[in-house]
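*Asks:* This is the structure, below, for whatever I ask next.
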Amino acid sequence: MKLYETAVRKPISTILIFIGVLIIGGFSLRNLAIDMYPDMDIPYLSVITTYTGANATDIETNITRVLEDNLNTVDNLKKLTSTSSDEMSMITLQMEWGADLDQAANDIRDVIGRISSALPDEADDPILFKFSSSMMPVMVLSATADESYAGLYKLLDDKMVNVLNRIDGVGSVSLFGEPVREIQVNVDPVKLEAYNLTVEQIGQIIANENSNIPSGTLEIGNNQFNVKADGEFNSSDDLKDIVISNYNGRTIMLEDVAEIKDTIEKMTIDERINGKRGVRVLIQKQSGANSVAIVKDVTAELENIKETLPNDVKIDVVMDSSESIVDSINSLEETVMFAFLFVIIVVLFFLGRWRATFIICLTIPISLITAFIYLYGTGSTLNIISLSSLSIAIGMVVDDAIVVLENITKHIERGSTPREAAIYATNEVWLAVIATTLVVVAVFLPLTMVSGMAGIMFRELGWIVTIVICVSTLAAITLTPMLSSLMLKAETKHQYKGLGIIFKPIDKFLDKLDEGYAKLLAWTVRHRLLVICSTFVLFFASLGVFMAGFIPIEFMPTSDTSIITMNVQLQQNLNVDYTVKTARKIDSIINVKYPEIYLLSTSTGESSNSQSRMLSSDAASYAINYTMRLVKPHERERSMFLISDLLRQDLDQIPEVRQYTVTPGGNRGGSVGGISTISLKVFGQDLNQTNDVALYLKDKISQLSTTRDVQLSRDDMRPEYNIVFDREKLALYGLNSTTVATAIRNRLNGLTASLYREDGDEYDIIVRYAEPFRTSFEDIENITVYGSEGQPIKVKDVATITEEFAPPIIERENRQRQVSVEISLGDGVALGTAVQEINDKVLADYQIPDGVYLEMGGSVEDQQDSFSDLTTLLVLIILLVYIVMATQFESLLMPFIIMLTIVPAFTGVIVALWATNTPLSLIALLGAIMLVGIVVKNGIVMVDYTNLLRERGSAINQAVIASGKSRLRPVLMTSLTTILGMVPLAIGTGEGSEIWQPMGIAIIGGLTFSTFLTLLLVPCLYSVFVGSGLKKEKKAINKKRKEEKRKRNEFQEAKALK
Amino acid sequence: MKAIFISYNKALSERVMETLDRLHARGFTRWEDIQGRGSFDGEPHYGNHAWPSVNVAVLTIVADNKVKPILDELRYIDHQAPQHGLRAFVWDITEKM
């Protein structure tokens, strides 16, 4: 028994099986985590080596190059970049997307192990560092306070950090910019010298005084007592009374030579939230944990925490990674629901019957829910790719059910009972239904095989659409006939009863449409060459529009995520105090001019905490980092891109600003969905030469209208003081450079003498010169150190201090030195436009010096890679679709006719992009590729039925017209469900929905255009190609007949002769 | 004894068989999925791309008095679904074993 027959005969089993699928799907959906993108490993690995005392060039020669030469052989390596700076070499290996990173890490360790003997002995062992998405904070909070500011660190540490750390999935909670208490012993060098004391001695005395020592046990009679000597300070004031020396019979206390301050440490970083001093709380997740769940838990816990904190402490959310995820997912869920609704309306409009509409639309939830089972089974998440896939599939899943139900209705009209009709009508179409599904699968399955970053994004899309479409076909040949046999009525004519009255005018309209189309078709078939030629003229015209650059090219569509980050750099060597003043100036400008920004988090200077340094490489004492949160896009008129451009203009007005980067959307470097950047790489061995070239290019490019924030990756040289020791003189006094250098460090930076304990917390006791004695160049020269015989020696006696410029960092890519010009784009500028402008206006007439060559990188590189991947894919898909159709029709001509309908589809894509002013991005291109599968379905329906009519004996033109008339409704119906299913995606109202907008636009444009043209073009092509084939056949037959006749005549003549 | 040869669209299978059962025509011989074409009008039943429907033929030998009720029933079925195609032919049985 055939599958569909079994389904009709066993309705209970069929229904229960599908209910089972629904239950499993519902269960999967309930347990699915939410995320932005499918899980993807960032394919970067770094090897970091430190080598104390070496400058950038030494590092490059002795470490970076040695490592690079060997690491180059690692499998799946895409690009090898390195940065050699003072004392550190950092090599970054960019692997192919989707490569096994654990394997790569093992390979790299092998390489490091093999060559570590070739590295200099003094260099530390190279460390392998693996990037992970869990390093990015999932949430950044800010805490501001007025009266409680001094104690804020302890408050937050006790009441917040510890509590948040206990939440499941939270990796770490760290505080930045917190005021840290320290006990300062600021000594006066003049007094110190008078008493023959040194900073080190004072440090030693403090350490000796501040200790608790258990002193053994004492037995008195039968009892035993512990004896201890508690010398630790009970209060910071105890320090004042420490006796440090006896001088001429007088006791010298610490307070005689130093000022003791129990205060907070000098700020190296100034954190402000909306202008108020505050602390930034960074929450990182454990690897593999779900951001949305963590943020939800943290937010809930924060409410409890707030109650335990003093009233003046205010907690705000600076960054919440889950917000955009939740918004995107919500808006996509809405999109899917709207698509569902539109499809129902279309089906109801054409069929005019509630029961039929119900049967068809039931296949939507059943097939879509299997996607959740797939996602749950593969451990994936409900993300924007998986949800968009559903909204792409929704218009296609009803197609098969429509075809089956249409044939069943036809059988019922002929007098079958619904049950008979269900079985025998399905029997007639089930093979054709599977064949059209194969065409769609031929388009989507190859998507799972794309390599590179595009592959990571589209793999899930390919699988989901393939699975959903296959399940919908299965439902169409089992569930649809089964439900039809139970639910459809045997009546043949619509009764227009009750609410059904509204279908009367619709039916009339559709009938008229059929008639009108038949007339139009009759005309076109008579003027078929005109139709064909004008289609191709249109195609070439649209191609011309595209080639002429009317449609800009872009990598990924950008979306307004309501966040702007900004890095502002002043002159190098400016200190935090000065930078803070400029920061306040910029703050006030932002406050006045941009009411859209409701949260302004400013971070000036760099944290003394090493972990935060790794996270923010842009931080420096002369740099200000901003994070600005804007109100939701629909609540403001100016886009974040426009605001960014205006901010740039404001920064240009501030003279002390040396350079800046404004990044709408945050996350510079543009991973998925981020903004596009161009980096123009200058390769060349000679550092000065490449510097000159890069500076020239930077200058020229920053004058272009499309570019913003043009910067060099190699920073300017930075002035430093260098203490050069005279080793002979040092030896004379019994000193060496290390002791003197350490002594200088202890006086300037301070010596941590001991730890002061209070309430279980420890605070540093720092001894150093009081501030007035370490403010000038001469202060260093006048530092006194003591020789081996105790004689005082000034630093200037043994060393000279020179002002120097630190050598720049050396960057390399694929083992060649390079410096890159980093370029951001202006508001609304597409990547392709900027690239073209740079090429035309800067590079075209630039004579590149010998030994230097240029290369475009950044998003341009990604875009070119992905576009070429997708173009290959397009060719592959077209071939596959052709093969599937050729086997279906057992003809080479028919698939060719159908494939020609792709031509007007591409015209439609170009027209739609052009009309809506949408750049051609990776996503739009993907839409164009999907069109191949969608538009040929229409062609198959038309050609198949025309063939059928011809086989039944109609003449070509008659067959063409009759089949057009008969297939108009199914073609319009399947096209309209797909088009209207895409409308919510193309309108894209929700946050983050801009990403899929180009795809929606491309598909709607292409499909609308191709549907209307297919309805006219396919009949014409059919009549031309099949007609000419027929003529040839006729000629051949006539020839054969003549030949036969000639032979017969010859035979007759021969017989007559006998 | 009469032989009734019934040739019909497969879609009518259930109704025809149910009629024979109801009228106690127990014995029959059936050919499934066969091809056929009417003499005057109606669609051919070839089971191919152009003409996807197929026929079924049943040969049943019944007592003379059962012929009329069977034919009446078949006529009613044909009247209900004239486009499907259902024909019956009757001839005499002269001998049997």
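Each value in this text was obtained by applying a stated rule to the coordinates, not by laboratory testing. Keep in mind that what you see is a predicted model, and the values were worked out from it rather than measured. Every residue, glycine among them, receives a Cβ derived from its backbone with ideal geometry; neighbour counts consider all protein chains shown.
*Asks:* Could you tell me whether chain A comes out rounded, prolate or oblate from its Cα gyration tensor? Rule is a ≥ b ≥ c as square roots of the eigenvalues, rounded for a/c under 1.5, then prolate if a/b exceeds b/c, otherwise oblate.
*Replies:* Judged from the Cα gyration tensor, chain A comes out prolate (a/c at least 1.5, a/b above b/c).
*Asks:* Kindly give Rg over Rh for chain B, based on alpha-carbon atoms, with the Kirkwood expression for the hydrodynamic radius.
*Replies:* Radius of gyration relative to Kirkwood radius: 0.98.
*Asks:* Can you give the mean number of other chain Cβ atoms that lie within 10 Å of the Cβ atoms in peptide A:138-150?
*Replies:* Mean inter-chain Cβ contacts per residue within 10 Å come to 0.
*Asks:* Using a Debye calculation, one point per C-alpha and no hydration shell, please list log10 I(q)/I(0) for segment A:95-202 at q = 0.14 Å⁻¹ in order.
*Replies:* -0.88
*Asks:* For chain A, what does -39500 (n - 2.57) per DSSP helix run (n ≥ 4), summed and divided by total residues, give at 222 nm, in deg cm²/dmol to the nearest 500?
*Replies:* Values: 34 runs with 553 residues, N = 1058.
Result for chain A, helices only: -17500 deg cm²/dmol.
*Asks:* Would you mind pulling out the separation of the Cα centroids of segment A:496-543 and segment A:929-985, in Å?
*Replies:* The distance from the Cα centre of segment A:496-543 to that of segment A:929-985 comes to 12 Å.
*Asks:* May I pose another question? What is the packing order of peptides A:219-225, A:321-327, taking the mean over residues of other C-beta atoms within 10 Å and listing the highest first?
*Replies:* Details: A:219-225: 7.3, A:321-327: 19.4.
Packing proxy ranking, top to bottom: A:321-327, A:219-225.
*Asks:* I need to check one value: relative contact order of segment B:2-92, counting alpha carbon pairs closer than 8 Å and at least 6 residues apart, in percent. Intermediate results must be reported in sequence, preceding the final value.
*Replies:* Numbers: 152 pairs, mean separation 41.8, N = 91.
Value for segment B:2-92: 46 percent.
*Asks:* Give the residue list of chymotrypsin sites (Phe, Trp or Tyr not before Pro) in segment A:795-899 that are DSSP loop and have at most 13 other beta-carbon atoms within 10 angstrom.
*Replies:* Of the chymotrypsin sites (Phe, Trp or Tyr not before Pro), the ones in loops of segment A:795-899 whose Cβ has at most 13 other Cβ atoms within 10 Å are A:Y846.
*Asks:* For a protection proxy built on the mean count of beta-carbon atoms within 10 angstrom, sort A:646-652, A:399-405 highest first, please.
*Replies:* A:399-405, A:646-652
*Asks:* Give me the percent relative contact order of chain A, please, defined on Cα pairs under 8 angstrom at least 6 residues apart.
*Replies:* It rounds to 16 percent for chain A.
*Asks:* Tell me, what is the FRET efficiency for A:T299 and A:R658 to the nearest 0.05, using R0 = 35 angstrom and their Cβ-Cβ distance as r?
*Replies:* According to the calculation, E is roughly 0.35.
*Asks:* Within 10 Å of each Cβ in peptide B:75-81, how many partner chain Cβ atoms are there on average? Round it to a whole number, please.
*Replies:* Mean number of neighbouring Cβ atoms from other chains: 2.
*Asks:* Same structure, new question: Rounded to the nearest 0.05, what FRET efficiency is calculated for A:N688 and A:F27 with R0 set to 56 Å and r the Cβ-Cβ distance?
*Replies:* Working: r = 66 Å, r/R0 = 1.18.
With R0 = 56 Å, the Cβ-Cβ based efficiency is 0.25.
*Asks:* Here's another thing I want to ask about it. Loop only per DSSP, at most 14 neighbouring Cβ atoms within 10 Å: give me the GluC sites (Glu not before Pro) in segment A:90-190, ordered by residue number.
*Replies:* A:E122
*Asks:* Could you tell me the distance between the Cα centroids of segment A:65-104 and segment A:564-595, to the nearest Å?
*Replies:* Rounded to whole Å, the Cα centres lie 36 Å apart.
*Asks:* Counting other Cβ atoms within 10 Å, which chymotrypsin sites (Phe, Trp or Tyr not before Pro) in segment A:341-402 have at most 11 and lie in a DSSP loop?
*Replies:* none
*Asks:* Once the Cβ-Cβ distance between A:E413 and A:R526 is put in as r, and R0 is 35 Å, what FRET efficiency do you end up with, to the nearest 0.05?
*Replies:* Numbers: r = 32 Å, r/R0 = 0.93.
Efficiency computed from Cβ-Cβ geometry: 0.60.
*Asks:* Please give the average number of partner chain Cβ atoms lying within 10 Å of the Cβ of each residue in B:41-53, rounded to a whole number.
*Replies:* On the way: counts 0, 0, 2, 1, 0, 1, 2, 2, 10, 7, 4, 9, 6.
If you average over the peptide's residues, the count of other-chain Cβ atoms is 3.
*Asks:* Same structure again: Please report the net charge: other residues with Cβ closer than 14 Å to the Cβ of B:G85, K and R +1, D and E -1. All intermediate terms of the calculation are to be shown ahead of the outcome.
*Replies:* Numbers: positive: A:R414, B:K10, B:R15, B:R37, B:R75, B:R87; negative: A:E420, B:D41, B:E43, B:D78.
For residues surrounding B:G85, the net value is +2.
*Asks:* Please report, in Å, the Rg and the Dmax of segment A:439-499, where both are computed over Cα atoms only.
*Replies:* Spelled out, the Cα radius of gyration and Dmax of segment A:439-499 are 19.2, 58 Å.
*Asks:* Stokes-Einstein D for segment A:525-599 at 4 °C, 1.567 mPa s, Kirkwood Rh over Cα pairs, in µm²/s?
*Replies:* 70
*Asks:* Given +1 on the Cβ of Lys and Arg, -1 on the Cβ of Asp and Glu, and no further charges, what dipole in debye does the protein assembly as shown carry about its Cα centre, rounded to the nearest 20?
*Replies:* Details: 106 positive and 138 negative charges, 2095 e Å.
Value, rounded to 20: 10060 debye.
*Asks:* Within 10 Å, count the other beta carbons around each residue, average over each peptide in A:140-146, A:1003-1009, A:292-298, B:23-29, and list them highest first.
*Replies:* For the peptides A:140-146, A:1003-1009, A:292-298, B:23-29, the packing ranking is A:1003-1009, A:140-146, A:292-298, B:23-29.
*Asks:* Between A:D158 and A:V243, with labels modelled 7 Å along Cα→Cβ, what's the label distance in nm to one decimal, could you check?
*Replies:* With each label point 7 Å from Cα toward Cβ, the separation is 3.7 nm.
*Asks:* Could you give the length gained on full extension between A:Q204 and A:E771, defined as 0.36 nm per residue of separation minus the Cα-Cα distance, in nm?
*Replies:* Taking 0.36 nm per residue and subtracting the Cα distance, the gain is 202.0 nm.
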